Amino acid sequence: MKRLGILSLFLLLVFSLHYAAHKQEVPIEKVKGYYVSGLEDLHSSLKQFQNSIRECRMGRQGQSELQQSFANLRFSYKKIEFLLDYLQPQDVKDHLNGAPLPKTERNAPRLVVLEPKGMQKIEELLYDPLLPEQWKELQDLTKAMDYQLTPIIAFAKRSPISDRQVFEAVRIALVRIMSMGITGFDTPASSNAIKESAVAWESLSIGLEPYCQKLGEANLAQEIKLKWQGGLETLKAAKDFDSFDRLNFIRQYVEPLYGLCLDLHLKLAYETASEVYRGQLPFNYRASSIFSEDFFNLQYYTGLKPDAHLKAKVKLGRMLFFEPALSANFERSCASCHDPKKAFADGRAKSLAFDQKGTVDRNAPSLYNALYAEKFFHDLRADRMEAQMEHVIFNEKEFATNYHTIFARLESSEEYRRMFKEAFPDFNGAINRHSLSEAMVAYLSGLKSFNSPVDRYLRGDEIVLSEEVKQGFNLFMGKAACATCHFAPSFSGLVPPWFEENESEVLGVLKKPLANEIDGDWGRYKNGVVQDEAPFYKHSFKTPTVRNVAYTAPYFHNGAYPDLASVLEFYNHGGALGLGLELPNQTLPADSLGLDSAELKALEVFMEALSDTTNRGAYPLNLPQLPGRPQHLIGGKY
């Protein structure tokens, strides 16, 4: 019996050791342990920073020591950012690492201002001489962070994380590092962007290492490890922020790893987002490239489903786009202000008004990639494409008509009735707001522009870019700070890595270049949306894409800048404030960028290379006949 008992204990010990070893090999347990430990380190770093604030305020430390303590806090955050920002995105945005600018509560019934909190706001204070009243602000900001971190840690300890979430978090973090990390977006005052990116980059390799181990020495696992290591060495070898070769880093490491991580995810047969989410994500998780036409998920932004009737909807929408019967006088169409020959802009400072005696209020933007947006118009007043269409239809300066008139005209045409039935058989071809706007959206969905020479080069295609284009890209993404507002890969104000929100900026655009007078358009502040009636939205306008800007001059909401050179010169001076004008809510830094003529030219050449009009929407050969009217002019008369 004694021997039997010893044997049982021995077997139990062997089993326990085997179970413990097996449990340790479970990747998700390692990742969760890393995350919880990292959160506790972040909390500890925050406490140390709070202590440094007290020491510095008492004169026992200098501001440089305080800045170093803050840098350590930032590094602690970057070690777990990929999971923290994935699992708690709203907390990160509102309390831990949001942009240092006030905003308003979205979808609130009244105006509610949200003051900036978190590390980006703290950094702004730390890198200027601290005023007496700012010590309390620093203490309050760190207390708010402390208050948020405590429940986040408790929640992380008791909440499970899935393997799927780890892969999603890693791939989203690759987008974040590319579009916000190496551009310096969330390091507004320090020079630590590349160092922080290196810390974030290394954390991703740690997060995926247990999954690579499951494949052993397989080629895929080895390739992933080599890419992680190569990318880390590249980041650590960077001499400074300005000279870092972002183009090569993205092409050699970010882009390949984005695809390889997907391959690993599928190889290990874990569920993916499309198998879990009922709704749509802004990006297609199964896209293997960030700079590809299928990266953004059009269905998320439009609700347009790729059903059996999509081709019929596209065909109908194309006819409607060039149909002057949508306007009161049968002489204007969408193509009047959005000409396919001009990248769907019109080449005017402001489009001709309906009565031909004046102009509309603002410059006509290109329609390429226009659907990839949360809000529409320069002032972001429309939150869906149907609302955008209504503004044009009812506007006395544009179509000066109404739905009742438009529907009656279209229903009078046998051919239009047939086309609506083919496109919308489930609704018996009903001609209404829904079918009209969905057909138009279907047509616009084909106006994609993600296949420029720059995109192809970043994807790894065998294509040659000039040294000037390469220099321009690196300036755009670095020293010139363009990409901190025109985010890659859309190169617009569509905010990564979630791509759910459009940013607007206050630049202080002048009435005309060097006019010494700010344009009087109030922009977002007067768009009729109650949540935007905050003083800091005065002169605020949607950040447009710079894709295809080679074809869309003149520029800005007022069309006052005739060429890219004048636009770049304006930015180089630091907007209105940099030119000595008064604009207290300007979001563009007032400091001069210090770009010389060669650098300005390189930026211009790069932006011209970011052109792709392969999906050009040609004019139809004819339009459906309307009874009692002669054949009307395709696209309208003016």
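Overview of values
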item	result
Condition check for Leu577: more than 22 Å from the chain's Cα centre (by Cα), surrounded by 17 or more Cβ atoms within 10 Å (Cβ to Cβ) and not in a loop (DSSP other than H, G, I, E, B)	yes
Only listed residue being in contact with a strand residue (DSSP E or B) (Cβ under 7 Å, 6 or more places away or on another chain) and either within 27 Å of Glu533 (Cα to Cα) or surrounded by fewer than 18 Cβ atoms within 10 Å (Cβ to Cβ) (or both), chosen from Leu111, Leu131	Leu111
Some residue of region 539-546 being of a type outside the set (Phe, Trp, Tyr), within 18 Å of the chain's Cα centre (by Cα), surrounded by 18 or more Cβ atoms within 10 Å (Cβ to Cβ) and more than 30 Å from Ser288 (Cα to Cα)	yes
Subset of region 487-514 [touching a strand residue (DSSP E or B) at 6+ places or on another chain (Cβ under 8 Å), of a type in the set (A, V, I, L, M) and farther than 18 Å from Ser289 by Cβ]	Val495, Val506, Leu507, Val509, Leu510
Subset of region 28-65 (residues that are among the small types (Gly, Ala, Ser) and over 27 Å from Leu131 (Cα atoms))	Gly33, Ser37, Gly38
Unique match (being more than 30 Å from Ser540 (Cβ to Cβ) and outside the structural domain of Val495 (by TED's automatic domain parsing)) among Leu83, Leu96	Leu83
Among the candidates Leu83, Leu46, Leu101, residue that is part of a helix (DSSP H, G or I), in contact (Cβ under 8 Å) with a residue 60 or more places away in the chain and under 20 Å from the mean Cα position of the chain (by Cα)	Leu83
Close pairs (6 angstrom Cβ cut-off, 6 or more residues apart or separate chains): assigned by TED's automatic domain parsing to the domain that holds Gly508 and in contact (Cβ under 8 Å) with a residue 24 or more places away in the chain in region 561-572, of a type in the set (D, E, K, R) and part of a helix (DSSP H, G or I) anywhere	Leu564/Glu604
Unique match (being out of contact with any strand residue (DSSP E or B) (no Cβ under 6 Å at 6 or more places or on another chain), surrounded by 21 or more Cβ atoms within 10 Å (Cβ to Cβ) and modelled with pLDDT of 95 or more) among Gly460, Gly472	Gly472
Count of region 365-377 residues which are surrounded by fewer than 22 Cβ atoms within 10 Å (Cβ to Cβ) and either in contact with an Asp or Glu (Cβ under 9 Å, 6 or more places away or on another chain) or modelled with pLDDT under 95 (or both)	3
Filter pass, Tyr270 being over 24 Å from the mean Cα position of the chain (by Cα) and either at pLDDT 95 or above or polar (S, T, N, Q) (or both)	yes
Per-region count, region 90-105, residues more than 25 Å from Leu39 (Cβ to Cβ) and either surrounded by 13 or more Cβ atoms within 10 Å (Cβ to Cβ) or of a type in the set (A, V, I, L, M) (or both)	4
Residue satisfying condition, being touching a residue at least 40 places away in the same chain (Cβ under 8 Å), part of a loop (DSSP other than H, G, I, E, B) and over 17 Å from Gln165 (Cβ atoms), within set Ser292, Ser288	Ser292
Candidates Leu626, Leu621, filtered to the one that is touching a His at 6+ places or on another chain (Cβ under 8 Å), in a loop (DSSP other than H, G, I, E, B), outside the structural domain of Ala515 (by TED's automatic domain parsing) and on the phi < 0 side of the Ramachandran plot	Leu626
Cβ pairs under 8 Å, 6+ apart, first in region 304-316 and under 17 Å from Glu386 (Cβ atoms), second part of a helix (DSSP H, G or I) and of a type in the set (Gly, Ala, Ser)	Leu304/Ala442; Lys313/Ala423; Lys313/Ala439; Lys313/Ala442; Leu316/Ala423; Leu316/Ala439; Leu316/Ala442
Flag if Phe344 is outside the structural domain of Phe420 (by TED's automatic domain parsing) and either touching a residue at least 40 places away in the same chain (Cβ under 8 Å) or of a type in the set (Phe, Trp, Tyr) (or both)	no
Within region 401-454, considering residues that are outside any helix (DSSP H, G or I) and among the aromatic types (Phe, Trp, Tyr), the one surrounded by the fewest Cβ atoms within 10 Å (Cβ to Cβ)	Phe424
Residue, surrounded by the fewest Cβ atoms within 10 Å (Cβ to Cβ), within region 245-288, restricted to residues that are of a type in the set (Asp, Glu) and closer than 25 Å to Gly230 by Cβ	Asp263
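The values are calculated or read from the model by the stated rules, or taken from the named source; none is laboratory data. Remember, predicted model here, so these are calculated numbers, not experimental data. Don't worry about glycine lacking a Cβ; one is built from the backbone with ideal geometry, like all the others, and counts go over all protein chains shown.
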